[in-house]
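Working notes for the structure below.
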Amino acid sequence: EVIHSELGDIEIETITTTYSSVSRSSGRNADRTKTVRFSGEVIAEITLSVTFGYDGKTSWVTSASGSHSTYDGWSYEGEKITKSGGTARLTAKLTHSRYEDAPINISITCTPTGQIS
């Protein structure tokens, strides 16, 4: 994924990690991490961590949280996490005193059968 800005391209690499069922009920944990690079240097790493429940007919978000690290004078602002059915979404932005803002959007969905996308 590439964000085109006036000062150059911001590259975003996405890695998703899923975990097995939690406790005795049908559930999945998933982390989706975006590594953000500007001018070839890592400026931020943002992770959305979600626990889902599912029963074969529907799925839902049990919990969702975000974590982040920023580098080289970049700041992380305005984080908002929303839950809708079997989907969790994180929105935020990266800011810098010398550059325009870079929007961050991460979403994770779990199907009623426990598939993560």
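Summed over the range 103-117, residues that are open to solvent by less than 60 Å² (accessible area, probe 1.4 Å) and either part of a loop (DSSP other than H, G, I, E, B) or of a type in the set (G, A, S) (or both) total 4.
Look at the range 54-74: where a residue is at positive phi and a partner is among the β-branched types (V, I, T) and part of a strand (DSSP E or B), sitting 6+ places away or on another chain with Cβ atoms under 9 Å, you get D72/V42; D72/I43; G73/I43. Of the strands (runs of 3 or more DSSP E) lying entirely inside the range 40-102, those containing at least 2 residues that are of a type in the set (K, R) are 75-84, 87-96. So, A88, is that one out of contact with any Cys (no Cβ under 7 Å at 6 or more places or on another chain) and closer than 19 Å to E1 by Cα or not? Criteria not met by A88.
In the set (1) of a type in the set (D, E, K, R); (2) at pLDDT 95 or above; (3) over 18 Å from T17 (Cβ atoms), the condition left unmet by E45 is number (3).
The values are calculated or read from the model by the stated rules, or taken from the named source; none is laboratory data. Keep in mind that this is a model prediction, so the values were computed, not measured. Counting neighbours? That spans all protein chains shown, and the Cβs are built from the backbone with ideal geometry, glycine included. The area values use the complete protein model at the heavy-atom level, side chains included, leaving out ligands, DNA and RNA. Shrake-Rupley method; radii C 1.70, N 1.55, O 1.52, S 1.80 Å.
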